[in-house]
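The structure appears below as structure tokens.
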Amino acid sequence: MDFLFDLHTHTIASGHAYSTLKENMEEAVEKGLLAYGFSDHSEAVPGSCKNIYFMNFKVIPRRYKGVLILRGVEANIIDFKGNLDIDNNILNRLDYVIASMHTICIEPGSLQENMDAYFGAMSNPYVKIIGHPDDGRYPMDHDELAKEAQKKGIVLELNNSSLNPKSARLHGRENAIKMLEAARKYGTYIICNTDSHYADDVGDFRNCATLLTEMDFPKELILNDSIDNLRMVLNKSIDEM
Ligand SMILES: [Zn+2]
Ligand SMILES: [Zn+2]
């Protein structure tokens, strides 16, 4: 299995990650990625980025030692309508948007409330990836999520960090299995991301690879093996691609 890109990574700008953008980009080169995306948390996560952080990405080179550099955000879903903590007029400047639920930003609701939150976020025209929908603290219906994602052209994330036994997320592995089974059933695309908060973890997809192999998950539903597949999650065309 080829993992050519990693779009969910954090830098020191997130406030609880420990590497700079340049250190992460170096690691992406080291790991042989063809594209690397950074997606710092938007502002509802304490200590993370204010809007202005996302407004000056033009200073960052499009290529670093041959690796395509993509500029994204991990936006927070902040209510059960699926509203985000960052405005669309900032999201429209970015290459891609991941929307996720974090307990520090939204208390887990009932199954229906959590699903409403995800469905609401999936209706935002800039959201193309749902981040780590595998956290057992948020009860959810994986079949419904995968079905809706397929319908709306949204990609579900298989998060390498959730599969780490050290993860704060609850039953990450069991839930990732449910998500993958549902994705297989409904033909929903998945994207593997590391959710790195430290440079060494950029591009390290070992947990994802093991699980996908164990489950014999269909390769044609995994985005990461072709750069062309990036188009499915990007909000704009990038000349340098
Ligand atoms: Zn984080
Ligand atoms: Zn997250």
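The values are calculated or read from the model by the stated rules, or taken from the named source; none is laboratory data. What you see is a predicted model, and the numbers here were worked out from it, not measured in a lab. So basically every Cβ, Gly included, is an ideal-geometry build from the backbone, and we count neighbours across all protein chains shown. Areas reflect the complete protein model, heavy atoms only, side chains present, ligands, DNA and RNA absent. Shrake-Rupley method; radii C 1.70, N 1.55, O 1.52, S 1.80 Å.
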Give the peptides 179-186, 1-8 in descending order of average Cβ contacts within 10 Å, highest first. 1-8, 179-186
Using the 4.7 Å Cβ rule, please list in number order the cysteines from the chain without any candidate partner. 49, 105
The range 205-241: which GluC sites (Glu not before Pro) are DSSP loop and have at most 12 other beta-carbon atoms within 10 angstrom? 240
Go through the range 71-129 and name the chymotrypsin sites (Phe, Trp or Tyr not before Pro) that are in a DSSP coil and have 12 or fewer other Cβ atoms within 10 Å of their Cβ. none
Three-way shape call for the range 95-213 based on the alpha-carbon gyration tensor, with the a/c threshold at 1.5: rounded
13 Å beta-carbon shell around residue 43, net charge (K/R +1, D/E -1): -3
Given axes a ≥ b ≥ c from the Cα gyration tensor, I'd like to know whether the chain is rounded (a/c under 1.5), prolate (a/b larger than b/c) or oblate. rounded
Averaged per residue, the 1.4 Å probe accessible area of the range 98-188, protein heavy atoms only, in Å², is roughly 41
Where the only charges are on Cβ atoms (+1 Lys, Arg; -1 Asp, Glu), what is the dipole of the chain about its Cα centre, to the nearest 20 debye? 500
Accessible area of the range 40-92 divided out per residue, in Å², using a probe of 1.4 angstrom: 46
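Please report the carbon-and-sulfur percent of the accessible area for the range 5-232; probe 1.4 Å, protein heavy atoms only, DNA, RNA and ligands left out.
51
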